[in-house]
Every structure is written in structure tokens, then in C-alpha cells.
1. In whole angstrom, note down how far apart the Cα centers of segment 164-183 and segment 1-66 are.
2. Once you put a point 7 Å from the Cα of SER121 and another 7 Å from the Cα of ASP25, both along the Cβ direction, what distance in nm separates them?
3. 7 Å from Cα along Cα→Cβ at both PHE298 and ASP149: what's the point-to-point distance in nm?
4. As a test, work out the antiparallel percent of DSSP beta bridges whose residues both lie in the chain, rounded to the nearest 5.
5. Out of GLU168, GLU45, GLU14, any idea which swings most in a Gaussian network model of the chain, alpha carbons joined below 10 Å?
6. For the chain, count the residues as N, evaluate 2.2 N^0.38 Å, and divide the Cα radius of gyration by that value, please.
7. In degrees, nearest 10, range 0 to 90: what is the angle between the Cα axis of helix 61-70 and the longest Cα principal axis of the chain?
8. Multiply the residue gap between THR309 and GLU14 by 0.36 nm, knock off their C-alpha separation, and tell me the result in nm, one decimal place.
Amino acid sequence: MFNPKFIITPKLLENIKRIGILVADLNNRRFPLVTLARLERDAREISAYSSTSIEGNPLPLTEVKKIIKNEPQNLRDSEKEVLNYNKALESLNKEIENHSLHFNLPFILKIQKIITNDLISKNNAGKIRQEPVFVNDPRIGRPIYLPPDHREVSKLLGDLTQYTRSNEGKLDSLIIAGLFHKQFVIIHPFTDGNGRTARLATKVLLANMGLNTFNLFSFENYYNQNVTKYFQNVGLQGNYYELVGSVDFTGWLEYFTDGIIDELLRVGKNLKIEALSPETALKLHHQKILKFIEENGFIANRDYAKLSTRAKPTRNQDFNKLIESGLIERHGKGKATYYKIKS
């Protein structure tokens, strides 16, 4: 069974308390929907950029944003990595919102299958590895770690998911998420996509904290700021069987919670900036559109013309702003066009 060694140090305890205060503060404040929609989109872009960049993807953030927005054809592998990660984020977010997510082995396999789609063979996508592997350091291009034998991976992964579920409510969720993250990387259950899968699965565990961290949160961003430090903390160097008995998770948990504090502070700062920005504020005519949709289920241009004296080109701009803000979506074509709250 998985029985991790760690100590709740004064620093770790202080980090956990501070995260609780930051989360409570954000939960007690109210922000315009347009602000939250913008930050949710930004968080997905930053997460897709950071998590793939950690693994050596060379695309800059500006290019990642364009790829996610336009989804070009004839993709390079680096572009597929970004779109796959973003697709996984969108899929998992819907499951969280619908309360349909079950944190188990099939769930983990599904994540890995999405992020490696069209990047590895179908025999390895969504399946535990059936062969030995070495972990290479992408910075120096040579092996640094020999994970456990592939014949033991299923049991080790089963022990980890069981530990995660059985300690819910017994251990602080931050500690559970941190332990899961590092142990998953140590097990290295797949031929490819281990780091990205670990970070996505950890994001899901963090989403159970009370703050909708999954929507607005990109803790991958913290790791990508200093990839060397991340690898030093999350992984092992050497042979698993020579190291397994001496692994201490304490330092990692301190670093892990440091990263969450850093990201919560970033989110809080951006929420304040966005809330004060005139570009993101909803005008009275925007509010009229949303209220009409809430009362009637949808709105067409002819309906809006009765609510407002704004000219038709300006009415179209109003609809487009709400679409770009992620609040409504367009249906139909031509004169049959209508708008609904985005699902």
C-alpha cells in the first residue's frame, strides 16, 4: 500500500492556512460574469502553454493563444499538444460543473488518451505502459530516472488512487493533491504524457477545495517559471527500487503549496484589475440582452430592436461583445439568427 512519508512543518501549516484565507476571500467576493469569462479563457491558455512548455514544447504564449482560438488545419505535433491539453481542460471542466466526475483509474486513463491523441500509437494512448521506460531530462537530453517495472505499475497506481479516495476528509485536500502529484510522477505509468496527466489530475483534485480553481487557476504557470526547480522537487533521480524506501514528500508539499499561493495571488490581482477595467464592464444595454434571454430563453435581433434605440450595426457589436466574453452563443443563420446563454 501507498504510505507516504511527510511531516506537517510550520511552513507547510502556514501555507495551508494562508491558502484557506485566500480562497475564502475570493469566494466571498462577487465579480462580473464578463470578468470571470475572460479570466477562465486566459487560465486555459496559460495552462495549455505552461504544461506543454514544461515538457519542451517551443511555442510561445502568443502562438498558443492563436492556435486555441483558430484551431488551424495540418497541425504540427507541438500544436496538437496545445490543442489536446486545452480540449482536456474543457472536457474536465464540464464534468466538474455537472458533478459527473469520478476520480479513479478510468478517469486518469481518459486524461492521458486526450492529451496524447494523434501523438503516440493507439496501443499506448489511454493505456498503462507494458514496457520498461527511462525518464529523460528534456533540458540535458539524457536519462536520469528508472521508474518501477511495468508489471507493477497497475498495482502502484491502484494503491495511489485508493489512498487518494480513502483519505478524503481525513487529510487536507492540499496535502492529498500534492502527494498524488509527486507519486504519480514517480510511478510514471505511461509511455508518454505522464507530466501533463499528473498536472491535469491534480487540478481536478484542487477543484474540490471550494474555489473554482479549475476555471481560473493555472498552477502549471508557477512550475513553468522555473522548470529546473520543478523537476528537482517533483521527480527522482536514479533507480526507483533503490530510492522508494527513502522518499520524503515534505519538501515537495512545501513547494507545491508555495505554487498555489503564488497562483492565487495572481488570480486575485487580475480579478481586481479586470473588475476595474472599463473594457470588461457590462453596459446597461448588455444587461438588457442577458435579462431578456434569462426570461425568454433566447433573443433575436428583432427582440433587441424593441428593447433599445441602438442602430442595427451597433446591436450586432453588442451581441459580438457578449459572445467574445463567453456569455452568450449564436444559433441559426441570417434572419433566423438568435442568441442563448452559453452552456
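1. Centre-to-centre (Cα) distance: 17 Å.
2. 5.2
3. 6.1
4. In the chain, DSSP labels about 70 percent of beta bridges as antiparallel.
5. Most flexible of the set in this elastic network: GLU168.
6. Values: Rg = 22.3 Å, N = 343, 2.2 N^0.38 = 20.2 Å.
Compared with the compact-globule rule of thumb, the chain sits at 1.10.
7. Computed tilt is about 60 degrees.
8. 100.6 nm
Throughout, read-outs are computed from the coordinates displayed, never taken from laboratory work. All of these numbers come straight from a predicted model, not from anything done at the bench. All Cβ positions, glycine included, derive from the backbone under ideal geometry; neighbour counts span all protein chains shown.
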